[in-house]
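Here, each number is a calculation from the coordinates, and none is a lab measurement. Everything quoted here is computed from the prediction, not taken from an experiment. Here the Cβ positions follow ideal geometry from the backbone for every residue, glycine too, while neighbour counts run over all protein chains shown.
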Amino acid sequence: MRSRKREDQLAEVEEGAISTMLIHLANISYRTGRTLYFDPVTYTCKGDPEATASATVLANDRMNPLFYAAIESTEEAIVNAMLAAGTMTGLGGATVHGLDPDLLVEVMRGHGRIGARPPEEPRPA
């Protein structure tokens, strides 16, 4: 699971931004069919305003919230997929059981990933 402590990061945020930019530039180059000459100081594609517009970058101080949002949405998507999958039996009778939502909540609570359960409201009779 995620950690918001800098010492737990595998790389600096700027390294992630540069890696992401390289992939983004490759995609822009592929789509436009042009060779791009990227200036890492100005974050522009020299002589190519269309490619520069496509490669607009957020400032470093705005990247952390973006990365954390991507992390959180990815984690949520994984948990949703795990909970949506039911028990399945495949080739040779191999069975994989669906994930019990209550069990998942207990495990996450036990590891401090979610808070204490709110008091249950009485159910109507």
Note, ³J(HN,Hα) from phi for region 81-90, Karplus 6.51, -1.76, 1.60, rounded to Hz, x at Gly and Pro: 5, 5, 6, 6, 6, x, 5, 10, 10, x
Sorted by Cβ neighbour density within 10 Å, fewest at the top, the residues ARG109, ARG31: ARG31, ARG109
